[in-house]
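A quick write-up on the structure given underneath.
The values are calculated or read from the model by the stated rules, or taken from the named source; none is laboratory data. None of the values given here were measured: they were computed from a predicted structure. Just the protein is used for accessible areas: all its heavy atoms, side chains included, with ligands, DNA and RNA removed. Shrake-Rupley method; radii C 1.70, N 1.55, O 1.52, S 1.80 Å.
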Amino acid sequence: MTAVILSACSGAPDQRIAVPKAGIGATQNIAYRSVALREVSLPSYAASEEIYVADETGLLNSTEGLLWADDPSRAVTLELSRYLSQITRAQIASEPWPFAGYPEAEVELRIEDMLAHADGTFRLSGQYFVSSETGRDRARLFDLTVPIEGDATAADIAAARGQAVRDLAVAIARDGLR
């Protein structure tokens, strides 16, 4: 998979790949009417504009000439905020909090792994924290794997990343905000 992506891009000018929106499916009731989402913390390779793929030996290789369309930390934060809003129908926004008053809860994410792998999967793992004034604080680990469909092109990797972030939003709504 890595060789196909890397060879297709060598010598070409930089191109930016956007992450498509994944469908949300069912909605989920949560215990809060308003939730603030802090900026997502990413590992250095995932925070880079470059798209990295782990080869069979575990080495990370950048996809020459292909860049994410937006700053990854900002993009993932906004994606999660959008998905959580759609899934929960609650007032959810990334910080700084844009509304009057204070949110009832706050979510912080620390991602350890956000990477396409040579086996045709995209992995998203780490930990999230939910804090609230009610004292219902929670910390949860997550480890999500999504298949990369198609020929594992950059667009296929972007779609898998979008699905993984959506799956994470579902898990946070179901396990962290109820």
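Observations, loosely collected:
- Taking every protein chain into account, the 1.4 Å probe leaves R110 with about 120 Å² of accessible area, to the nearest ten.
- Distance between region 103-157 and region 60-96 - C-alpha centres, whole angstrom: 11
- Within region 7-121, DSSP assigns beta bridges of which about 25% are antiparallel (rounded to the nearest 5).
- Gyration tensor over alpha-carbon atoms, region 21-113, equivalent ellipsoid semi-axes in Å: 30, 14, 12
- Note on region 83-178: semi-axes of the ellipsoid equivalent to its C-alpha gyration tensor, largest first and rounded to whole Å, are 29, 14, 10.
- Share of alpha-carbon pairs per 5 Å distance bin for the chain, given as whole %: 1, 9, 18, 21, 19, 13, 9, 6, 4, 1, 0, 0
- At least 24 Å along the helix axis (C-alpha) and Kyte average at least 0.0, DSSP helices within the chain: 154-171
- Computed accessible area, D119, all protein chains, 1.4 angstrom probe, square angstrom: 120
- For S94, residues with placed amide H under 5 Å, excluding near neighbours: L37
- The mean accessible area for residues of the chain, using a 1.4 Å probe and ignoring ligands and nucleic acids, is 49 Å² per residue.
- Carbon/sulfur fraction of accessible area - region 1-145, other protein chains in place, 1.4 Å, %: 48
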